[in-house]
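Structure first, commentary second.
The values are calculated or read from the model by the stated rules, or taken from the named source; none is laboratory data. On a predicted model such as this, the values are computed, not experimentally measured, just so you know. Every residue, glycine among them, receives a Cβ derived from its backbone with ideal geometry; neighbour counts consider all protein chains shown. Calculation scope for accessible area: heavy atoms of the full protein, side chains included, ligands and nucleic acids excluded. Shrake-Rupley method; radii C 1.70, N 1.55, O 1.52, S 1.80 Å.
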Amino acid sequence: MTDLLHKTSLIFDLDGTLVDTAPDLVAALNRTIEPEGLAPVPLETVRHMVGHGARRLIIRAHEEQGFTLSDEALETLTAKFIEIYGGNIDRFARPFEGVEPTLDLLARRGARLSVATNKPNALAVLLLERLALADRFERIVGADAAPNKKPDPAHLRAAAGPDASNMIMVGDSSVDVEAARNAGAAAIVMSYGYTDTEPEKLGADRVLDRFDALPEAIESLL
């Protein structure tokens, strides 16, 4: 009997889905904005701000404190943030519980694994390499390596590859669910991730509390 997961294209978000990156992100963000006169942003606040890329993270940090940025200032701060973050990208970041064995199980059952993240591609690859996760994926596609970033469906299609079938997006935010819908794919949301909306209200096909619950959830969708 053919395994249901065989050749299924599973596309994973990175931050808040595969890896808990918030501690390193908030450290880099605060080192970027505090010299500009802003107060440090708490960790839990950043957990609700991640998912739209570095620029949006910096904009929201300023908006939360009543500041606006010129385009030039935003570009300068974004470059500074990426430099700081890239130098400390795996200081505290760790895969969420169950990620490694579950990815290995999915691969053994014939699923095709890829990553679609709104992180810059070089940083996404660097982080996954540092955490010994990179080799588990056929493709790692950051925002600047896709035709357009999530929620554009082109990002998911670029990650899944030209011969993708049965695409399922596994993420943690409205961006991931919207990208899945735009691509005609199913969506699974991890409830422990980074979102400013309650996971149950994101409109996903399944909401899971544990990463190791993925195989059963995927089977139910197929």
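Brief remarks on what is shown
- Qualifying residue in the stretch 192-201 (condition: at pLDDT 95 or above, touching a helix residue (DSSP H, G or I) at 6+ places or on another chain (Cβ under 9 Å) and open to solvent by less than 50 Å² (accessible area, probe 1.4 Å)): no
- Residue count, the stretch 21-50 (criterion: in contact (Cβ under 8 Å) with a residue 60 or more places away in the chain and either farther than 27 Å from LEU208 by Cα or touching a Phe, Trp or Tyr at 6+ places or on another chain (Cβ under 6 Å) (or both)): 6
- Of the criteria (1) crowded, with 20+ Cβ neighbours inside 10 Å; (2) part of a loop (DSSP other than H, G, I, E, B); (3) at pLDDT below 90, which one MET1 fails: (1)
- Taking the listed residues VAL207, VAL175, the one that is at pLDDT 95 or above and under 15 Å from THR17 (Cα atoms) is VAL207, with no other qualifying.
- Any hit, the stretch 101-119, residues being open to solvent by 20 Å² or more (accessible area, probe 1.4 Å), among the polar types (S, T, N, Q) and either in contact with a Ser or Thr (Cβ under 9 Å, 6 or more places away or on another chain) or in contact (Cβ under 8 Å) with a residue 12 or more places away in the chain (or both): no
- Matching entry among PHE67, PHE92 (being among the aromatic types (Phe, Trp, Tyr), touching a residue at least 40 places away in the same chain (Cβ under 8 Å), in a loop (DSSP other than H, G, I, E, B) and open to solvent by 70 Å² or more (accessible area, probe 1.4 Å)): PHE92
- Scan of the stretch 17-37 for residues that are farther than 22 Å from ALA116 by Cα and open to solvent by 10 Å² or more (accessible area, probe 1.4 Å), ordered by number: ALA27, ASN30, ARG31, GLU34, PRO35, GLU36, GLY37
- Residues satisfying the stated conditions in the stretch 125-172, i.e. assigned to a loop (DSSP other than H, G, I, E, B), touching a Gly at 6+ places or on another chain (Cβ under 8 Å), in contact (Cβ under 8 Å) with a residue 40 or more places away in the chain and open to solvent by 10 Å² or more (accessible area, probe 1.4 Å): LYS149
- Residue within the stretch 35-42 that is in a helix (DSSP H, G or I), on the phi < 0 side of the Ramachandran plot and not charged (D, E, K, R) present: yes
- Among residues of the stretch 4-16, those that are open to solvent by 10 Å² or more (accessible area, probe 1.4 Å) and among the hydrophobic types (A, V, I, L, M, F, W, C), counted: 1
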